Amino acid sequence: MKSLIGAAIGTFCLAAPALAETPAAIVEDVQGKVDGVAFMDYVAPGKIIKLGPKASITLSYLKSCQRETISEGVVLVGAEQSTVQLGEVKREKVPCDTNAAKLSEREANQSAATTFRTMRSDAKGAPSKLPTLYGTAPLVQAKSGSTLVIERTDGKEPTISVPLKSEIMVGGKFYDFAKAGKTLTPGGSYLAILGAKRYAFQVDASATSSPTPIVGRLLRLE
């Protein structure tokens, strides 16, 4: 078995492109011995992951909204899905919005008013869809030590203000509303505020508070 795994890794090393800086997926779950990654790590295309006997990993792809549960074998991370040798993979398409996952790249330096107006209208003034979350409990990537403020923009709702202390951050960089027992309102539009930065998003009208895949409720603010 070790020789087969070594051969699989060798094949992947020959085929794998150079590692990209932009993450392709997030590690949603790890069970057993898995080399090279940990829970809540981002992984880029070209990353090779080795799973031990009876080990498994769940990857959620940010671009394709593919959620993969992989058991044993060797995994080569791709841009939209993995290639797996000597193991099994189960895939499902889950509700997610790639604009929400890339929110920080689009809106980080705009003021609150400009952000909300820009996200609501395209260049021709037609309505434009806000980045959408498909769970009412966001998973927010932000720097510890800052304060996260969530304000509703289309109705009255108590403002949420959370000091992002390191001891409450998952993996040192995520604040999980589900873990904290906090939820937003289905169908609501919001601003996430970090210091001078503003990020506009909305919660899908059919979103629930039940456990949902990470990629469907991820807001990358840093």
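A short reminder: the numbers here are calculations on the coordinates, not readings from a lab. Keep in mind it's a predicted model, so treat the numbers as computed, not measured.
Taking a ≥ b ≥ c as the square roots of the Cα gyration tensor eigenvalues, with a/c under 1.5 meaning rounded and otherwise prolate when a/b beats b/c, else oblate, which class fits region 158-200?
Working: a/c = 2.14, a/b = 1.30, b/c = 1.65.
Note, shape of region 158-200 comes out oblate.
With Cα atoms defining each centre, region 129-159 and region 177-206 are spaced 2 Å apart in the structure. Pairwise alpha-carbon distances in region 37-81 exceed 16 Å for 32% of all pairs.
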